[in-house]
């Protein structure tokens, strides 16, 4: 992936040739593919590009998988999609049989030292909240959408009437508007807003994760607590874990196994005193050491969390995750015929599970505020983009800070109470500013 140093965004005069009026989407993740579906419904020409060489490359590289909770944006998602894809949403559920059996999940939070339930959310039906697997959601959103793969952006030139994108393979294309949907490490964002002036915030928490294949007998103690997702913190070690079911028997005829696929993510603060150490514990270099550290944490937990991790096979691959966020400044403006959707504009920690929900809402607001102006004059289109970006930043900026605080609180037992963003109600609009973030002193 190119760094921001390889990408230049500049103002350039338009060519004498008039390119076809179309939207250029950079990034074929959830936000980019959903935007493509919306443009398709409005009969607006578009081309979508992605830096990965194939649709499966990202999943093979990560080898971890992700579950997503779609809650306050679920109605927006259904509104934006064509009806035939709405009817196929159950294909993306992490456990279709559990939904059919009426199990809804309460996202329980536990004291890992004692196994005591500390918090949960009310049960609601699948019309209000669903747990989906990210890869299958991307596959569904990609139905009928042709993606140009292996396209890494090298340069963007935005003119009066058109924007032109040049790629590393020495090809280029032009369109009416470029929408950067290229994720938390967006090269377009870093080109427009260099990290020297707009740095990411490195959250002082270390994270490792594993993907496990579990038999029904092994996973049943976990599913007895919640069929989809459960989490907890250990006061003694300040460690945190969440367990997320990604796939279940019967989800599809192609699964070919009676095992459950589960993601387990463990994190701990970058501070002294964790596991009795006088200095912060680093992420080990070797996989064996990483798995050993996870089992050291888990040995002090209650069941079923303890056995789930301690019984992980010795060849289980342990992935390191680096935590950072970026809160878009108030009044931030993109340039010319360029704008952003999703994590490209507001990457946030996953401890409130709201990143995908904000991305979906971004697409909704883009559809409501920008699409009707795509053939207007540059000035009118830019005014629409400015209004859109203002609304996204007003909504997402507090969410970035709240998610940061949720991450910190997950490793600070004294702050885990009803008012913490870790446990508070998920909602598209909230009040939380940078000055509200509280962090330990060491």
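The values are calculated or read from the model by the stated rules, or taken from the named source; none is laboratory data. What you see is a predicted model, and the numbers here were worked out from it, not measured in a lab. Neighbour counts run over all protein chains shown; Cβ positions are idealised from the backbone, glycine included.
Just a few scattered comments:
- Test: residue in segment 313-333 that is in contact with a strand residue (DSSP E or B) (Cβ under 7 Å, 6 or more places away or on another chain) and part of a helix (DSSP H, G or I): no
- Counted as qualifying within segment 25-121 are the strands (runs of 3 or more DSSP E) with 3 or more residues that are closer than 21 Å to residue 229 by Cα, within 21 Å of the chain's Cα centre (by Cα) and outside the structural domain of residue 265 (by TED's automatic domain parsing), namely 67-70.
- Sole residue being in contact (Cβ under 8 Å) with a residue 24 or more places away in the chain, surrounded by fewer than 23 Cβ atoms within 10 Å (Cβ to Cβ) and farther than 26 Å from residue 263 by Cβ, chosen from 337, 333: 333
- Test: residue 377 is surrounded by fewer than 24 Cβ atoms within 10 Å (Cβ to Cβ), without any contact (Cβ under 8 Å) to a residue 60 or more places away in the chain and over 15 Å from the mean Cα position of the chain (by Cα): yes
- Of all residues in segment 69-78, those satisfying the criterion of being in contact with a helix residue (DSSP H, G or I) (Cβ under 7 Å, 6 or more places away or on another chain) and in contact (Cβ under 8 Å) with a residue 24 or more places away in the chain are 70, 71, 72, 73, 76, 77.
- Counting residues in segment 166-181 that are buried (at least 17 other Cβ atoms within 10 Å of the Cβ), over 11 Å from residue 49 (Cβ atoms) and more than 28 Å from the chain's Cα centre (by Cα) gives one or more.
- Yes/no for residue 382 being in contact with a helix residue (DSSP H, G or I) (Cβ under 7 Å, 6 or more places away or on another chain) and surrounded by fewer than 24 Cβ atoms within 10 Å (Cβ to Cβ): no
- Residue 125 passes every criterion in (1) assigned to a loop (DSSP other than H, G, I, E, B); (2) within 22 Å of the chain's Cα centre (by Cα) apart from (2).
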